[in-house]
Protein chains: 2
Amino acid sequence: MRDQIVIKSGYDQFPAWERAFADAGIQAIRWEDRDDHLDAIRYALVWKPAPGDLAALPSLEIVFSIGAGVDHLVGDDLVPAGLPVVRNVDPGLTAGMVEHVLYHVIRFHRRMADYEADQRAGRWKPRLQTPASSHTAGIMGLGELGGACARALAGIGFRVAGWSRRPRVAEGVDCFHGRDGLAEFLSRSETLVCLLPLTAETCGVICRETLALLPAGACFINVGRGPLVVDGDLLAALDSGHLRGAALDVFHREPLPPDHPYWRHPRVTITPHVASITQPATSAPHIIANIRRHQAGEQLTHLADLALGY
Amino acid sequence: MRDQIVIKSGYDQFPAWERAFADAGIQAIRWEDRDDHLDAIRYALVWKPAPGDLAALPSLEIVFSIGAGVDHLVGDDLVPAGLPVVRNVDPGLTAGMVEHVLYHVIRFHRRMADYEADQRAGRWKPRLQTPASSHTAGIMGLGELGGACARALAGIGFRVAGWSRRPRVAEGVDCFHGRDGLAEFLSRSETLVCLLPLTAETCGVICRETLALLPAGACFINVGRGPLVVDGDLLAALDSGHLRGAALDVFHREPLPPDHPYWRHPRVTITPHVASITQPATSAPHIIANIRRHQAGEQLTHLADLALGY
């Protein structure tokens, strides 16, 4: 009997996962077919399981997260006690995030939205431009994704500051950490990019107090999780003009409810949680390698600590 | 008497030029003050001089172009016979062009305009995304600017093809050249970036025949010069859907006339010749170095050949 991995994804990527696992002799099972394979399913690769979903798989040995965060696995009855949870490591996911963040930082820095408004008005209005070296992008969260974004931004000439919970060192990045480093970090961040994991500690970190510390006219990019932000405080900072713009990819409720003020706010750009999507071809090797380690009785890598939230 | 350089620019950057030259002991003169300095003005740094403008400077020894191209200096009575013309070399100009090209290639690759339309319609519609390695950006013109854009795009994972008049080698770029290499180059270019100089040979190079060679659904970015494109042919390719989009920064006539169909075309994004602007702080060192060479009786570098057009 081949090893079996059951997949619950937000996207219709099953054929790509199936190919990627087949090469390693692992059979992918569609979520809707799981009841026919209950004894053989040892591994689950999931995005947002419902309570009880995973407990109903009696032979499950490892839970792999499809998303970059594991916050979707924190809650009552989501992951049975004692099961290891492995974080996603995907060079393709990282590359997609770098594209999204570069795009929005350049868009703010070069005032592309103003040029779009000019086009709608039939207005030819060149503006002087400033070099990227005069613009500081502040990256909150210097993990796999944040570190890659910081390096890419520094690589095309932006000044880059970074903030993380614990001390980090990154070449070409002014690094700050902890409560004590937050104010200094925020005061430099002309475009703030939030890539923190969602934990009990980070929930609501983007609020009136922290937004007020950004320089006047700053911009905000949220590619972390919706609940990192206090929506009313962000809207107030946009309405007052203290913030010039926000590019939001993640929200408290997804899909974003139709009546949410973000949809029609002139300073808000919305994308539907697509800043980056896990790519089966580049994500599977890490999962397969961990399955091999498990079978050989070795320690798994990139284990998440659900109590910490990442 | 200090060396004097007179400046005719499209932007109000005089104070920055003045500072940059003052450090080298060279006095910058505003264009409108030139008649008070006719005997002392040995150098002119210009954008789009009018016929006769330069001939009216009796002590002129070198003409420096502010723009990346020298096409604005080709024409009757623009540059007095025998005067050397030096091209612009500005790391700041190159960096700005890289920002603009990265932005628009990512915008097309990631279908950001579709997400903007979704937001206007209040529609939450995630789309599967493909890796940059499955998208080929084709760079026409592999000089200072095109080469930098090719390297930056390859650096974030795009497949990059390049085309130039004469053979070139660039790491990570599939290089094509000459008439013979054009069809193969175009057939690969899912986003075509035009950075050619405007010469008698390149005028109208983007036309029905060349656009037809692009893959169906391709995108086009013009950051070279307007007359490289046959506007009617580009509009036809956009109307038919053969091209998915165009980001145009340069035009036959600038400002773009108010009644031009580009303004309101749903597949066209317009910027007003701001893809990149010469930065005095990073451009002046090259000019100063050439002035020093001239004074020492040495050969100037980066001389333009107005007969060739670059």
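The values are calculated or read from the model by the stated rules, or taken from the named source; none is laboratory data. If you're wondering where the values come from, they're calculated on a predicted model, not measured in any experiment. FYI the Cβ positions are ideal-geometry reconstructions off the backbone, even for glycines, and counts take in every protein chain you see. Surface accessibility is based on the protein's heavy atoms, side chains included, excluding ligands, DNA and RNA. Shrake-Rupley method; radii C 1.70, N 1.55, O 1.52, S 1.80 Å.
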If you take the residues in the range B:144-157 that are farther than 21 Å from B:His302 by Cβ and open to solvent by 10 Å² or more (accessible area, probe 1.4 Å), which one is farthest from the other protein chains (Cβ to nearest Cβ)?
-> B:Ala154
Can you tell me which residue in the range B:242-265 is farthest from A:Pro131 (Cα to Cα), limited to those that are assigned to a loop (DSSP other than H, G, I, E, B), away from chain A (no Cβ under 11 Å) and open to solvent by 30 Å² or more (accessible area, probe 1.4 Å)?
-> B:His242
Considering every residue within the range B:23-38, establish whether at least one is within 19 Å of the chain's Cα centre (by Cα), open to solvent by 10 Å² or more (accessible area, probe 1.4 Å) and aliphatic (A, V, I, L, M).
-> no
What is the residue count in the range B:158-182 for residues that are small (Gly, Ala, Ser) and open to solvent by 50 Å² or more (accessible area, probe 1.4 Å)?
-> 1
Examine the range B:268-285 for a residue that is over 22 Å from the mean Cα position of the chain (by Cα) and either surrounded by fewer than 19 Cβ atoms within 10 Å (Cβ to Cβ) or assigned by TED's automatic domain parsing to the domain that holds B:Asp114 (or both), and state whether such a residue exists.
-> no
Could you give me the residue pairs with C-beta distances under 8 Å whose first residue belongs to the range B:60-81 and is at positive phi, whose second residue is open to solvent by less than 40 Å² (accessible area, probe 1.4 Å) and part of a loop (DSSP other than H, G, I, E, B) wherever it lies, and which are 6+ apart or on separate chains?
-> B:Asp77/B:Gly52
Looking at the range B:279-301, is at least one residue touching a Cys at 6+ places or on another chain (Cβ under 9 Å) and part of a loop (DSSP other than H, G, I, E, B)?
-> no
Which pairs do you get when a residue that is modelled with pLDDT under 95 and acidic (Asp, Glu), found in the range B:165-181, comes within reach of a residue that is open to solvent by 40 Å² or more (accessible area, probe 1.4 Å) and in a helix (DSSP H, G or I), reach meaning Cβ atoms under 8 angstrom, with the pair 6+ apart or on two chains?
-> B:Glu171/B:Arg151
Identify, please: which residue in the range A:112-130 is within 28 Å of the chain's Cα centre (by Cα) and not small (Gly, Ala, Ser) and is, among those, farthest from the other protein chains (Cβ to nearest Cβ)?
-> A:Asp114
Members of the range A:1-16 that are of a type in the set (A, V, I, L, M) and either in a strand (DSSP E or B) or open to solvent by 60 Å² or more (accessible area, probe 1.4 Å) (or both) | A:Met1, A:Ile5, A:Val6, A:Ile7
Considering each residue of the range B:94-111, count those that are within 10 Å of chain A (Cβ to nearest Cβ), assigned to a helix (DSSP H, G or I) and out of contact with any helix residue (DSSP H, G or I) (no Cβ under 7 Å at 6 or more places or on another chain), and give that number.
-> 3
Taking the range A:212-241 as the search range and keeping residues that are open to solvent by less than 40 Å² (accessible area, probe 1.4 Å) and part of a helix (DSSP H, G or I), which one is farthest from A:Pro261 (Cα to Cα)?
-> A:Leu228
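This table checks each residue for (1) surrounded by fewer than 21 Cβ atoms within 10 Å (Cβ to Cβ); (2) in the same structural domain as A:Leu192 (by TED's automatic domain parsing); (3) touching a Gly at 6+ places or on another chain (Cβ under 8 Å).
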{"position": "A:Glu18", "(1), (2), (3)": "yes, no, no"}
{"position": "A:Val46", "(1), (2), (3)": "no, no, no"}
{"position": "A:Pro51", "(1), (2), (3)": "yes, no, yes"}
{"position": "A:Ala113", "(1), (2), (3)": "yes, yes, yes"}
